[in-house]
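Worksheet: the structure to be examined is printed underneath.
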Amino acid sequence: MLNTTQMSLFPETIIDLSKKELMKYEKILIFFSGGKDSLASLISILEMGYPRKQVELHHHLVDGRNINNNSHLMDWPITEAYCRAVAKALKIPLYFSWKEGGFEREMLRNNQPTAPSCFETPDGCIGCAGGHGKPNTRLKFPQVSADLSVRFCSSYLKIQIGDLMIRNQERFNNQRTLCISGERAEESAARAKYKILEPDRADNRYGKSHRYIDRYRPVHQWKEEKIWDLIREWKIYPHPAYHLGFSRCSCLHCIFSGPDQLASANYIDPDGLHRIAEYESEFGVTIHRTLSVMDRLKRGNPVVIDDTLTKLAMSIKWERPIFVEQWELPAGAYKNSPGPV
């Protein structure tokens, strides 16, 4: 938690950081989902002239890292490879972090503590931290709520992992680090209240480590049109989810999915959706409480039906260029679909 002094460090009216202010940070960490908003956040930093050698991309693997069978319950199988391809094309290092067992293990907790979190480091090692909390039982999907204590997919599989990754690496001590994320005010009333600049949750500037960490949301005030215009200018191929008609690059089987998104997911990955339906039956609690995912998908229609795109989205290898000459606005652009509130 941030104390009163930390919360008042920056004025509520701040709109943006100048290039001079940006250069005061020795390192910039961009939490990169592979989606349009984090991609635009990255591009905006590069356009301001911040040195690429001081930028890092960090991606949280929602389903964890399962090298043996690459099991995906919730996320798009292609996301990891897509993030790698973007990082390579832009010549920026990328590090992955994950909770052991990922989404599925956390959801199936039965009088057990949460699993440890792991993260890649620049020296090629894997760090691990956490996993020592009190035993707890979930045995149900995350709740469709703004309350992160029950929407554990965001809190336990992304936010807390990012905190642990920073707090457990001494390389962030005694320096100024800027963490960047792509939340936009246009997305929801709750996100509209986010500050553009504030001390990060991992900040410890007044402690022994002198870990000075700020959180910056460079695209917070941007409209979606500006996001797509910037990606078009750089001719970067957007994540396949957008070309399949999804307006957000969250999980393929996101708990916020509406009927059309569920129908699309059923077309793209019917086996995955049936696994989710089986879990709903096993738990005796559906994601949306009144209707099962199978009942809800029957009320929708697939947004885009394209076997080539489907094959790409369900692959774990990226085998096409990131920079494209004939850039096309994806079908999911400007669509209003359910998402985090």
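Below is a table of values for the structure above.
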{"read-out": "Counted residues, the range 127-181 - those being touching a Lys or Arg at 6+ places or on another chain (Cβ under 9 Å) and not charged (D, E, K, R)", "value": "28"}
{"read-out": "Flag if ILE305 is among the hydrophobic types (A, V, I, L, M, F, W, C) and touching a Phe, Trp or Tyr at 6+ places or on another chain (Cβ under 8 Å)", "value": "yes"}
{"read-out": "Residue count, the range 110-128 (criterion: surrounded by 13 or more Cβ atoms within 10 Å (Cβ to Cβ) and either on the phi > 0 side of the Ramachandran plot or out of contact with any strand residue (DSSP E or B) (no Cβ under 6 Å at 6 or more places or on another chain) (or both))", "value": "3"}
{"read-out": "Flag if ILE268 is free of Cβ contacts under 8 Å to residues at least 60 places away in the same chain, more than 28 Å from GLN169 (Cα to Cα), of a type outside the set (Gly, Ala, Ser) and crowded, with 16+ Cβ neighbours inside 10 Å", "value": "yes"}
{"read-out": "Some residue of the range 189-209 being among the charged types (D, E, K, R), crowded, with 19+ Cβ neighbours inside 10 Å and not in a loop (DSSP other than H, G, I, E, B)", "value": "yes"}
{"read-out": "Those residues of the range 233-262 which are surrounded by fewer than 23 Cβ atoms within 10 Å (Cβ to Cβ) and without any contact (Cβ under 8 Å) to a residue 40 or more places away in the chain, in sequence order", "value": "GLU233"}
{"read-out": "Any hit, the range 92-105, residues being part of a loop (DSSP other than H, G, I, E, B), farther than 20 Å from CYS251 by Cα, at pLDDT 95 or above and not charged (D, E, K, R)", "value": "yes"}
{"read-out": "Selection count where residues are among the acidic types (Asp, Glu), in a helix (DSSP H, G or I) and either surrounded by 14 or more Cβ atoms within 10 Å (Cβ to Cβ) or modelled with pLDDT under 95 (or both), scope the range 210-228", "value": "1"}
{"read-out": "Filter result for GLU282 (farther than 19 Å from MET74 by Cα, acidic (Asp, Glu) and surrounded by fewer than 17 Cβ atoms within 10 Å (Cβ to Cβ))", "value": "no"}
{"read-out": "Near pairs, Cβ below 6 angstrom, 6+ apart or cross-chain, from the range 22-48 (at positive phi) to any residue that is part of a loop (DSSP other than H, G, I, E, B)", "value": "GLY34/HIS239; GLY34/CYS249"}
{"read-out": "Contacts under 9 angstrom Cβ, first residue in the range 147-158 being closer than 17 Å to LEU252 by Cα and in the same structural domain as PHE103 (by TED's automatic domain parsing), partner small (Gly, Ala, Ser) and assigned to a helix (DSSP H, G or I), 6 or more apart", "value": "LEU157/GLY102"}
{"read-out": "Residue match in the range 42-55 (condition: of a type in the set (D, E, K, R) and closer than 28 Å to ARG105 by Cβ)", "value": "no"}
{"read-out": "Residue count, the range 185-215 (criterion: within 12 Å of PHE172 (Cβ to Cβ) and either within 17 Å of the chain's Cα centre (by Cα) or of a type in the set (S, T, N, Q) (or both))", "value": "3"}
{"read-out": "Any hit, the range 74-88, residues being outside any loop (DSSP other than H, G, I, E, B), polar (S, T, N, Q), under 24 Å from GLU278 (Cβ atoms) and out of contact with any Cys (no Cβ under 7 Å at 6 or more places or on another chain)", "value": "yes"}
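The values are calculated or read from the model by the stated rules, or taken from the named source; none is laboratory data. Here the structure is a predicted model, which means the values were calculated and not measured. Don't worry about glycine lacking a Cβ; one is built from the backbone with ideal geometry, like all the others, and counts go over all protein chains shown.
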